[in-house]
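S.K.: Mind having a look at this structure? Questions to follow.
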Amino acid sequence: MTRLLIIQPDESDPVGPLGDWLSGAGAELDVRLLPGSGLPDGLDGYQGVVCLGGTMAAEADATHPWLADVRRLLAKAVSASLPTLGICLGAQLLAVGTGGRVEAGPDGPEVGPYLVSKKDAAWTDPLFADLPLMQDVLQFHTDAITRLPPGAELLASSPRYPNQAYRLGRCGYGVQFHIETTPEVVERWAVECPGEAEFARPGALDHDKLVTVHADIEETWRPFAQRFVKLAAGELEPAVGGQRTLPLA
């Protein structure tokens, strides 16, 4: 069975339906809720890594010192060509850990159901190629990836914050948005973070709207999760190395 390490930085963002999709595709999940569960000493015995979201900033080491260990582990996974997926905070931790930059979003929080669109590199990517041109996602973030790591390929974008999804190396992925939530989880976030929730479009966080968008998210991202398991199991070839080997001037 394909064993995946699931790093959960925050109790408020469980693996949710994504965990069901991964398990349904044949993966065994080792979920580590931090800081209590701790990280494994290494990555031996794992065929892939998923890092979920959280309320803290990617470099909030003063209050969450274990974040540095997460960044190092994600960078190690990508360096070892271990299939890796960072979601929201996870994508930011992966970016910072490999030379990118994360800052407070200059255009304010991005909250609620949105669409992101595929970039050219996505059409030949093993995980993104079969996604539709426009993908339903759930946004709930105040920080943004303002500079991708050197050599990263941009896979999905949006007008407000362009770095929505990227690939690093042959099989390291980061997505700024959420695909693992449920309507109930998002509704709790809205209650716990009313200042951020105010940035959602009118009606965007209504229960019926969230139910509809999560059905659309499942239709698009369940097959993506299944492909990630195949990638981790060695049943799907990783991406060909990126065309850019040096940062552009």
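No value in this document is a laboratory result; all are computed from the given coordinates. Since the structure is predicted, the reported quantities are computational estimates derived from the model, not experimental observations. Using ideal geometry, Cβ is built from the backbone for each residue, glycine included, and neighbour counts are taken over all protein chains shown.
S.K.: Between residues in the range 200-228 that are closer than 20 Å to LEU155 by Cα and residues that are in a helix (DSSP H, G or I) and not polar (S, T, N, Q), which pairs lie under 7 Å by C-beta distance while being six or more apart or on different chains?
M.R.: As it stands, the answer is GLU218/PRO17; ARG222/TRP21; ALA225/LEU18; ALA225/TRP21; ALA225/LEU22; GLN226/TRP21, since those pairs meet every condition given.
S.K.: Which residues, counting only those in the range 174-215, are outside any loop (DSSP other than H, G, I, E, B) and β-branched (Val, Ile, Thr)?
M.R.: The initial filter retains those residues of the range 174-215 that are outside any loop (DSSP other than H, G, I, E, B), namely 174-175, 178, 183-192, 194-197, 207-215.
Result: VAL175, VAL185, VAL186, VAL191, VAL211, THR212, VAL213.
S.K.: Which residue is surrounded by the most Cβ atoms within 10 Å (Cβ to Cβ), if the candidates are limited to the range 138-162 and must be in contact (Cβ under 8 Å) with a residue 60 or more places away in the chain and outside any strand (DSSP E or B)?
M.R.: For the range 138-162, the residue satisfying everything is ALA152.
S.K.: What strands (runs of 3 or more DSSP E) lie completely within the range 45-120 and have 1 or more residues being surrounded by fewer than 19 Cβ atoms within 10 Å (Cβ to Cβ)? Explain how you work it out, then say what you get.
M.R.: Working: elements: 48-51, 84-87, 101-104, 110-118.
Here the list reads 101-104, 110-118.
S.K.: Next question. Please specify each residue of the range 31-44 satisfying the condition of being outside any strand (DSSP E or B), under 18 Å from the mean Cα position of the chain (by Cα) and more than 14 Å from ARG71 (Cα to Cα).
M.R.: none
S.K.: Just to be sure I understand, how many residues within the range 214-230 are out of contact with any Leu (no Cβ under 7 Å at 6 or more places or on another chain), farther than 10 Å from ALA27 by Cβ and not basic (Lys, Arg)?
M.R.: We begin by selecting, within the range 214-230, every residue out of contact with any Leu (no Cβ under 7 Å at 6 or more places or on another chain); these are 214-216, 218-219, 221-223, 226.
Add one more test, that the residue is farther than 10 Å from ALA27 by Cβ, and what stays is 214-216, 218-219, 221-223.
Filter once more, so that each one left must be not basic (Lys, Arg): 214-216, 218-219, 221, 223.
Residues that pass the stated criteria total 7.
S.K.: Restricting the search to the range 107-161, which residues are over 30 Å from GLU187 (Cβ atoms) and either touching a Gly at 6+ places or on another chain (Cβ under 6 Å) or hydroxyl-bearing (Ser, Thr, Tyr) (or both)?
M.R.: THR124, ARG147, LEU148, PRO149, PRO150, GLY151, GLU153, listed by residue number.
S.K.: Separate question: Considering (1) assigned to a loop (DSSP other than H, G, I, E, B); (2) closer than 16 Å to ILE87 by Cβ; (3) charged (D, E, K, R), say which one ARG170 fails and leave the rest.
M.R.: Unmet condition: (2).
S.K.: Further question: In this structure, does GLU28 turn out to be out of contact with any Cys (no Cβ under 8 Å at 6 or more places or on another chain), exposed (fewer than 14 other Cβ atoms within 10 Å of the Cβ) and part of a strand (DSSP E or B)? Give the steps one after another, and end with the answer.
M.R.: Working: out of contact with any Cys (no Cβ under 8 Å at 6 or more places or on another chain): yes; exposed (fewer than 14 other Cβ atoms within 10 Å of the Cβ): yes; part of a strand (DSSP E or B): yes.
Spelling it out, GLU28 is indeed out of contact with any Cys (no Cβ under 8 Å at 6 or more places or on another chain), exposed (fewer than 14 other Cβ atoms within 10 Å of the Cβ) and part of a strand (DSSP E or B).
S.K.: Could I ask something else about it? When you check GLN8 against the structure, is it closer than 18 Å to LEU231 by Cβ and either among the polar types (S, T, N, Q) or free of Cβ contacts under 8 Å to residues at least 12 places away in the same chain (or both), yes or no? Please lay out each step first, then the result.
M.R.: Values: closer than 18 Å to LEU231 by Cβ: no; either among the polar types (S, T, N, Q) or free of Cβ contacts under 8 Å to residues at least 12 places away in the same chain (or both): yes.
Against the criterion (closer than 18 Å to LEU231 by Cβ and either among the polar types (S, T, N, Q) or free of Cβ contacts under 8 Å to residues at least 12 places away in the same chain (or both)), GLN8 does not qualify.
S.K.: Sticking with this one: Keeping to the range 1-23, report how many residues are under 14 Å from ALA232 (Cα atoms), part of a helix (DSSP H, G or I) and either among the charged types (D, E, K, R) or more than 16 Å from the chain's Cα centre (by Cα) (or both).
M.R.: Looking only at that region, the number is 1.
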